[in-house]
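**Q** First the structure, which I've put down as structure tokens, then a few questions once you've had a look.
The values are calculated or read from the model by the stated rules, or taken from the named source; none is laboratory data. Only a predicted model underlies this, so the values are computations on that prediction, with no experimental measurement involved. Note: ideal-geometry Cβ built from the backbone for every residue, glycine included; neighbour counts use all protein chains shown. Side chains are part of the model used for accessible areas, which takes the heavy atoms of the whole protein and leaves out ligands, DNA and RNA. Shrake-Rupley method; radii C 1.70, N 1.55, O 1.52, S 1.80 Å.
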Amino acid sequence: MMTRPQQGRTHRLTRPSIAIAAAVAVTAGVVAAAPDAKTAEPTPKLSLIAASTSVTLDSWKDDPGVYLDLGTYLTSENGAFELKVTRKSYKDPVVATQVLRNGKKTTTKALPAGLVKDFSGLPGFAQVSVTDAAGKTVLKQTEAFCPNNASGRIRPDAPAQSKYPQSCPVNPFTLGSVWGVENGWASNTYAGYYAKPVQLAAGTYTAKISVTKKYRDLFGIANKPQTVKVTVRERSWEEEEGSGSAPRSAAPQSAKSAAGTQGHAGHAGRGGHEGHQQAADAPAASAHAAHGAPARPEAPAGRTTGATPTFNVGHGPYPPAPPALPWALKKESLQRQAFSAAKVGDRPGQTDGSRQAPGAKPNAKRPTGKATVPDVPKPDLRSLPAYGITVSDGYEDVPGKDYLAFSANVWNAGPAKLVVDGFRSPGKELMDAYQYFYDAKGKQVGYTPTGTMEWDPRPGHEHWHFTDFASYRLLKADKKESVRSGKEAFCLANTDAVDYTVKNANWHPGNTDLSTACGQENSISVREVLDIGSGDTYTQDLPGQSFDITGLPNGTYYIQVLANPENRLKETNHKNNSALRKVVLGGKKGARTVKVPAHELVNAN
């Protein structure tokens, strides 16, 4: 089922941030008095609270289904609740460790093996039970919890800002993450983008929410379930049009679309950088409005809750669409405005999920003096294996062709961020690009010319691309080059949190909002940054960007993602810039197929 077109409406989602913040503060204030410093425990005290005793949820006639944002929060007192989640390599499982801080002393506690499977949150954390007006149980389910979900202070003496990231990454090739609820803060337990809609008829219900026993025992959480009265009201776009008022919340995506984008399958990135954070508040999504597709549609959660996608869907000229949707169908759907997520092009806040940081400002003038590459920390660019891999035809653009589309990410393992400024001479089409270097105190101590930046005028891009940042190649089974993608120029942005456990990782990077990160056509200069721990996802779904496989025989191939292919950028290690992903092509012309074997322990296409 397709979602109903927006018809120019502004999405207004579930509840205003001010109302939520106030409700949380009032509710939490009753149970969250500041602890006595003399009796404070060395471990955080966690509690489940409800922001309100009642909520109203919408079910849309054209897209029936209710998202259970019940307004429950996990509070942390006597210290922050912090988890470090890592894997040594893609051959190793994901492991989680609790970090306990007591003054200057830091200790760690390993959590049970197998507790977490990925980086999207604690699975099976919240138990939700819903009964109807007659007392009959109509729903019982568990939901995952991302401690980085929309959070807010529950007492005035709590830290003004949370030090933790604003979302949990869901890129299938994430390597490390940090989750946390700041001391004196509360984090929404709603699973948001990861939750599926439930079928509840219009009427009144009672929801009971509790933390499951394994987590109560593990973290010492009291068994105090919260009860919330739920009113489900049925709404329709026709009624909204007739009333002349804008809807309070957006019609959720269709059940089929939602199902197609759950989990990791939809981590796409920008649609071809040819030319990210996620997605709305955007896997989900995320994307430089979508540095491409496949990508995720907007989350059904309210923009202000933060319980939404945790990565940028990536750069691309078209709005998000389910990851498995062939290019031809996606384009046709877009032409019919069937996806509620989107206008063509980058949008403010179209980032990795909740990060909405604007672009950095370039230096006032281009560098002068002798170019030098000093002996200071430099970035380390690395490639992730390709994912979001599909086959499609060229539609009416290039009829009779078959294409292999995929998402690719190049990230910065640090210990220094990548900073590139572009400066334009009057009348010149290209900008001259310079890479800067900084000492341990952040002072600029050197620079070097590093190629050019070019303006991409195509709809959905319309920003400056740094040339020769990455290259994509399809290799034969013997790993010799077969086909090269036309994409090599990129607008750099921090779309995905790849590993926030590396040295100097920035948990709150800038350059995530694509509408500002890469300049305007009349820009005289622009700064593009790839921060430590973050990566930039682009999808290769358009003819000319994706691989043309029309004349290729069936068999085994490898998608190669190659960072810094001409070594124009100075970095600490050039030997880890390539990543390969095995694919097996089959089918016949016009109906090609692709099988994507697991990459070690990562089984995501």
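**Q** Can I get the semi-axes of the range 541-599's equivalent ellipsoid? Compute them from the C-alpha gyration tensor as square roots of 5 times the eigenvalues, in angstrom, largest first. Don't jump to the answer; show the numbers that get you there.
**A** On the way: eigenvalues 168, 41, 13 Å².
Whole-Å semi-axes of the equivalent ellipsoid: 29, 14, 8.
**Q** Follow-up. Show me 180-186, 157-163, 524-530, 140-146 ranked by packing, highest mean number of other Cβ atoms within 10 Å first.
**A** Working: 180-186: 25.3, 157-163: 13.3, 524-530: 22.3, 140-146: 20.1.
Averaged packing, sorted descending, gives the order 180-186, 524-530, 140-146, 157-163.
**Q** Residue 61 versus residue 363, label points 7 Å from Cα toward the beta carbon: distance in nm?
**A** Distance between the two pseudo-spin positions: 6.2 nm.
**Q** Per residue, how large is the accessible surface of the range 78-120? Use a 1.4 angstrom probe and give square angstrom. Before the final figure, lay out the partial values.
**A** Values: 2460 Å² over 43 residues.
The answer is 57 Å² per residue.
**Q** Run the 1.4 Å probe and let me know the accessible area of residue 566, rounded to the nearest 10 Å².
**A** Its heavy atoms expose roughly 100 Å² to the probe.
**Q** Next up: Ranked from highest to lowest mean number of other Cβ atoms within 10 Å per residue, what is the order of the peptides 119-125, 443-449, 51-57? Spell out each step's value before the answer.
**A** Values: 119-125: 22.7, 443-449: 15.4, 51-57: 17.4.
Answer by packing, highest mean first, reads 119-125, 51-57, 443-449.
**Q** Sticking with this structure for a sec: Check cross-link reach from residue 589 to the lysines: straight Cα distance under 25 Å, and skip same-chain residues fewer than eight apart.
**A** Those lysines meeting the cut-off are 330, 331, 401, 476, 479, 480, 487.
**Q** I would also like to ask the following. Among 430, 492, what's the order by accessible area (1.4 angstrom probe), most exposed first?
**A** These residues rank, largest area first, as 430, 492.
**Q** Quick one: pull the percent of accessible area on the range 358-485 belonging to carbon and sulfur, 1.4 Å probe, ligands and nucleic acids left out.
**A** On the range 358-485, the fraction of accessible area on carbon and sulfur atoms equals 51 percent.
**Q** Hey, another quick one. Taking 7 Å along the Cα-to-C-beta vector as the label spot, tell me the residue 508-residue 595 distance in nanometres, rounded to one decimal.
**A** According to this spin-label approximation, the distance is 4.9 nm.
**Q** Treating only the Cβ atoms of Lys and Arg (+1) and Asp and Glu (-1) as charged, compute the dipole magnitude of the range 70-228 about its Cα centre; round to the nearest 20 debye.
**A** Numbers: 20 positive and 9 negative charges, 82 e Å.
In total the dipole reaches around 400 debye.
**Q** In nm, give the distance between the simple-model label positions of residue 227 and residue 141, each being 7 Å from the Cα along the Cα-to-Cβ direction.
**A** 2.4
**Q** Kindly report, to the nearest 10 Å², the accessible surface of residue 582 as traced by a 1.4 Å probe over protein heavy atoms only.
**A** 90
**Q** State the percentage of accessible surface on the range 47-161 attributable to carbon and sulfur atoms; use a 1.4 Å probe and exclude ligands, DNA and RNA.
**A** On the way: 2550 of 5070 Å².
Of all accessible area on the range 47-161, carbon and sulfur atoms account for 50 percent.
**Q** Could I ask something else about it? May I ask which of 428/503; 45/443; 196/361; 88/378; 104/365 have a Cα-Cα span longer than 31 Å here? Working shown, then result.
**A** Values: 428/503 39 Å; 45/443 41 Å; 196/361 40 Å; 88/378 23 Å; 104/365 43 Å.
Correct reply: 428/503; 45/443; 196/361; 104/365.
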